[in-house]
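The values are calculated or read from the model by the stated rules, or taken from the named source; none is laboratory data. Note that the structure is a prediction, hence the values are computed from the model and not measured. Virtual Cβ from ideal backbone geometry, glycine too; neighbours counted across all protein chains shown.
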């Protein structure tokens, strides 16, 4: 008997249940249905779910572009007019639809053919949807990049803000009554060598909200330092100081060689609250002049950045420490190879795994917001947030390391009659120390970087300062914080590399 062995391809699909033409018609009715009946069930499900998702996203974007219209034709017309990208997407979706129909015909006709280019078309459509949903505009990015240059330059080189020079000022003042009455305040006497300020008249009216100029004052200053600028300022009855502006510029005068200057200024506009209403007010006119500049000192912003970066490091360190302590025991209960001995341990395994998955799926930023609600603003909230997320992340990494260990030592220890705890101690622990150290160092690095972010929601650390400075448009101070974050991460990267080299 002559027997001939023939090689049968292992990837060949079963014969189609429907002819090619019918498969194409079915996919035209329900995209992917023809592939399913042509024995390419998984392919059909992927195509159907992808097409439904794409059509749903397209409908959402069209409705979003014309949310105030109610008629279908008006919605589509307005959406295509406002967002031409939707026209391109619609054409691509139509091509994809035709391609799915053709693909069903090909699959049903030849069970050995599995065209893959269709999936590249699906990826292209999703990419275009992402481009439209993300409102990506490269032209705006290129043309408006220069607008960010001043702020970016201040962030990249903020060190002028890191130091300051103490300044000593000399000050001359004079009281101005608003409005004028018969009982004017008495002018102070001139003291030899002391700066002196006077005004004619010594009373007047403020500039009104409708633009009517206030009283013109002839201001005279004496005994000021020669050739050094004098700023003209006002202090309102509530004690608020502000600089005098005239013709859009701050008023500044230069005394002559004898330290004398004269300047005509208009009384400014200033709105006072109703609680400060009175028949007359006393406004204080000031002339401020820089007398001397001291030696350079570290600025308050630099000191705050140093203080908060230290706080940031310890937030990450404490969160990692607590995370290790809590994750170690959980990791053994989340390891399948250790928890498959009985139905009870299997239930414990799935419970622990489920809880870890839920906790890990919530970002540390969300945990920080919850922690701030519980314990208030500060570093403790940041430590709690990072600890919760670290426990879930480390327990997962540790358990996967346990699941990948060599089962030989476990079987040998169990053959001697050892219980579960003894098996873990003598067969599992020696094999998991290197990956545990590696994962711990990696998590420490993540926690340090994340502790800068959770500060944005009040979790302490330098992130809190960074958020405040950015909101105040103080890019110099924000640059100091960014530099400290970058330097700290670089140092910790070097430190973690050294630790990894020694223990792994």
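Suppose the filter is under 20 Å from residue 282 (Cβ atoms) and either loosely packed, with under 13 Cβ neighbours inside 10 Å or at pLDDT below 85 (or both); does residue 200 pass it? Spelling it out, residue 200 is indeed under 20 Å from residue 282 (Cβ atoms) and either loosely packed, with under 13 Cβ neighbours inside 10 Å or at pLDDT below 85 (or both).
Of all residues in region 299-320, at least one satisfies being in contact with a strand residue (DSSP E or B) (Cβ under 7 Å, 6 or more places away or on another chain) and in contact (Cβ under 8 Å) with a residue 60 or more places away in the chain. Looking across region 54-84, the residues that are crowded, with 17+ Cβ neighbours inside 10 Å and within 30 Å of the chain's Cα centre (by Cα) come down to 54, 57, 58, 61, 62, 65, 83. Inspection of region 402-418 identifies at least one residue that is closer than 23 Å to residue 499 by Cα, surrounded by 15 or more Cβ atoms within 10 Å (Cβ to Cβ) and in the same structural domain as residue 326 (by TED's automatic domain parsing).
Looking at region 453-463, is at least one residue without any contact (Cβ under 8 Å) to a residue 40 or more places away in the chain and either surrounded by fewer than 19 Cβ atoms within 10 Å (Cβ to Cβ) or over 25 Å from residue 384 (Cα atoms) (or both)? Looking through region 453-463, none of the residues is without any contact (Cβ under 8 Å) to a residue 40 or more places away in the chain and either surrounded by fewer than 19 Cβ atoms within 10 Å (Cβ to Cβ) or over 25 Å from residue 384 (Cα atoms) (or both). Residue 309 - would you say it is closer than 30 Å to residue 164 by Cβ and either within 22 Å of the chain's Cα centre (by Cα) or surrounded by 14 or more Cβ atoms within 10 Å (Cβ to Cβ) (or both)? Against the criterion (closer than 30 Å to residue 164 by Cβ and either within 22 Å of the chain's Cα centre (by Cα) or surrounded by 14 or more Cβ atoms within 10 Å (Cβ to Cβ) (or both)), residue 309 qualifies. Criterion first (buried (at least 17 other Cβ atoms within 10 Å of the Cβ), assigned by TED's automatic domain parsing to the domain that holds residue 382 and either in contact (Cβ under 8 Å) with a residue 60 or more places away in the chain or under 22 Å from residue 153 (Cα atoms) (or both)) does residue 432 satisfy it? Here the answer is no, as residue 432 does not meet what is asked.
At least 3 residues being farther than 13 Å from residue 262 by Cα and in the same structural domain as residue 184 (by TED's automatic domain parsing) is the threshold, and among the strands (runs of 3 or more DSSP E) wholly inside region 196-252 those reaching it are 230-235, 241-243. Looking at region 99-117, can you tell me whether even one residue there is over 30 Å from residue 307 (Cβ atoms), modelled with pLDDT of 90 or more and out of contact with any helix residue (DSSP H, G or I) (no Cβ under 8 Å at 6 or more places or on another chain)? Checking region 99-117: not a single residue is over 30 Å from residue 307 (Cβ atoms), modelled with pLDDT of 90 or more and out of contact with any helix residue (DSSP H, G or I) (no Cβ under 8 Å at 6 or more places or on another chain).
Taken as a whole, region 338-357 holds at least one residue that is under 26 Å from the mean Cα position of the chain (by Cα) and touching a residue at least 40 places away in the same chain (Cβ under 8 Å). Of the residues making up region 128-149, those that are part of a helix (DSSP H, G or I) and without any contact (Cβ under 8 Å) to a residue 40 or more places away in the chain are 130, 138, 139, 140, 141, 142, 143, 145, 146, 147, 148, 149. Could you list, in sequence order, all residues of region 43-53 that are under 27 Å from residue 111 (Cβ atoms) and surrounded by fewer than 18 Cβ atoms within 10 Å (Cβ to Cβ)? Of everything in region 43-53, those that are under 27 Å from residue 111 (Cβ atoms) and surrounded by fewer than 18 Cβ atoms within 10 Å (Cβ to Cβ) turn out to be 45, 46, 49, 52. The set of residues in region 137-177 that are over 22 Å from residue 475 (Cα atoms) and under 21 Å from the mean Cα position of the chain (by Cα) contains only 137. If you check 359, 437, 424 for being farther than 22 Å from residue 315 by Cβ and either surrounded by fewer than 17 Cβ atoms within 10 Å (Cβ to Cβ) or in the same structural domain as residue 459 (by TED's automatic domain parsing) (or both), only one passes: 424.
Filter region 234-250 down to the residues that are more than 40 Å from the chain's Cα centre (by Cα) and modelled with pLDDT under 90, then identify the one that is farthest from residue 281 (Cα to Cα). Step by step, filter region 234-250, then rank; the result is 247.
Which of the residues that make up region 191-221 are without any contact (Cβ under 8 Å) to a residue 40 or more places away in the chain and farther than 16 Å from residue 246 by Cβ? Within region 191-221, 191, 192, 193, 194, 196, 198, 200, 201, 202, 203, 210 meet the criteria. Against the condition closer than 17 Å to residue 327 by Cα and at pLDDT below 90, how does residue 401 come out, does it pass? The answer is yes for residue 401.
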